[in-house]
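Written out below as structure tokens is the structure these notes cover.
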Amino acid sequence: MLSLLFLYMSYTCLTFGTETSGSVTGFPDLPFDTVTSGLTDPISTTDPTPATIDTAVAPADDLHYFYSQLSAEDKEVYDQLLTCLQDHTEELTLTGTSSEKMEALLTCVLSDHPELFWMGSSYHSASLVGSTVFYPTYNRTAAQVSAEQPLVDSALQTAQDTIGQPASEYETVKAVYEYIVRTVDYVSGDDDQNIISSLVDHASVCAGYSRGMQLLLQQYGIQSIYTTGTVIDSGPHAWLVVRIDGNYYNVDVTFADRNSENDVVPDMIDCNYAYLCVPDDLFYQDRLQDPSYLSVPSCTQEDLEYYRMNDHYFTSYDEAAASMEQNLRSGELFWEGQFDTPELYQQFIDSNPYSTLAIESGISGTFRTVMDDDARIVTCYYTAA
């Protein structure tokens, strides 16, 4: 069974919740038992009771993960909700479906379909005898959606032209990750919860970063799951769980972006690979997934961790120093490494061998270092004199 919290997440590093009231103004005079107002901001301080969704036993073999997990009965409701949103319909009656089930399945739809950029940050539902009436809220008229869709299509084509056709699923995920980092600035705005911000306007927050990457991966036939939670000492956040060759990996493309409005770094270090294809035991050291949120697959594989794959994951000081020296003696002006423990990471920072080794290697110029305490990564580079 799959437990769902009926939310549509709005994240700035981001937030949304559901609120329930006895009446909502602007509704037709219907003999409903209750009226629910959902997806409102700020997040409710009272956790709603999760709805139980029937899951199918078939493997997740579809681009849309949550849809692939549902029973045939729940897929019918999901399909009705999806068609309603795609057609910009103002009202949908779901016979035999409770408001709790509708809200849970709506969360499935919105998590699976980042292309629905016109879905607003709220909706309403009327719970009738034997049915639920769904009233979506849209942030654009149907005419505005028609006018903007070509911009999205063009942005997707530009991205695919830039990325090309990587040789493997991993290389595709890495290329899309790099594309989002290098084309999107971290800036909040009116559309920062949807793909318009990241793919068209190139300025977004974590919701837009993640949804933009999710849609691009879908264009390449790669399944990814929009996921939300909280980063400790930071706040609400959104990321992806991506399927590569049958295994699942955490990917946080927002944290990968080292550029910000006030801190622009050189192109050689603009992308932080510590958040690409990360197993749960590392990824959740500083974050929590939303309680009772849509269940996602566990990420247990370490085989695609970037620094391990590229022999830049270090378990001893001497190993890291030797790698750095070899790098400098070959004339490279850039070095980066991830350390196995916080103690080793701090030892390397305190000793600062890069400057000494650079001088010994005959390299002159301006030395800079970037440190990522959470991921235990040291990045060093010279701007040649």
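Might you report the magnitude of the Cβ-based charge dipole of segment 101-195 about its Cα centre, with Lys and Arg at +1 and Asp and Glu at -1, to the nearest 20 debye?
With only Lys, Arg, Asp and Glu charged at Cβ, the dipole is about 300 debye.
Rank-order 105-114, 156-165 by packing density, defined as the average count of other C-beta atoms within 10 Å over each peptide's residues, highest first.
Highest to lowest by the protection proxy: 105-114, 156-165.
Please compute the modelled spin-label separation between GLU319 and ILE349, points set 7 Å along Cα→Cβ, answer in nm with one decimal.
So the two model labels end up 2.1 nm from each other.
Want the number for ASP87 to SER234: 0.36 nm per residue separation, take away the alpha-carbon distance, what's left?
Length gained, ASP87 through SER234: 49.2 nm.
Please check which bits of segment 85-126 a label hung off ASP62 would reach, taking the label as a point 7 Å along Cα-to-C-beta and the cut-off as backbone N under 17 Å.
Correct set: 85-86, 102, 104-116.
By per-residue mean of other Cβ atoms within 10 Å, what is the highest-first order of 136-148, 205-217?
205-217, 136-148
Local charge sum around THR228 (other residues, Cβ-Cβ under 11 Å, Lys/Arg +1, Asp/Glu -1)?
Once positives and negatives cancel, what remains is 0.
Could you compute the FRET efficiency for GLN165 and GLU332, with r as their C-beta to C-beta distance and R0 at 35 Å, rounded to 0.05?
Using R0 = 35 Å, I get an efficiency of 0.75.
Every number here is computed from the coordinates shown, using simple stated rules; none is lab data. Every value quoted in this text rests on a predicted model; they were computed, and no experiment measured them. Ideal geometry is used to build each Cβ from the backbone, glycine not excepted, and the neighbour counts take in all protein chains shown.
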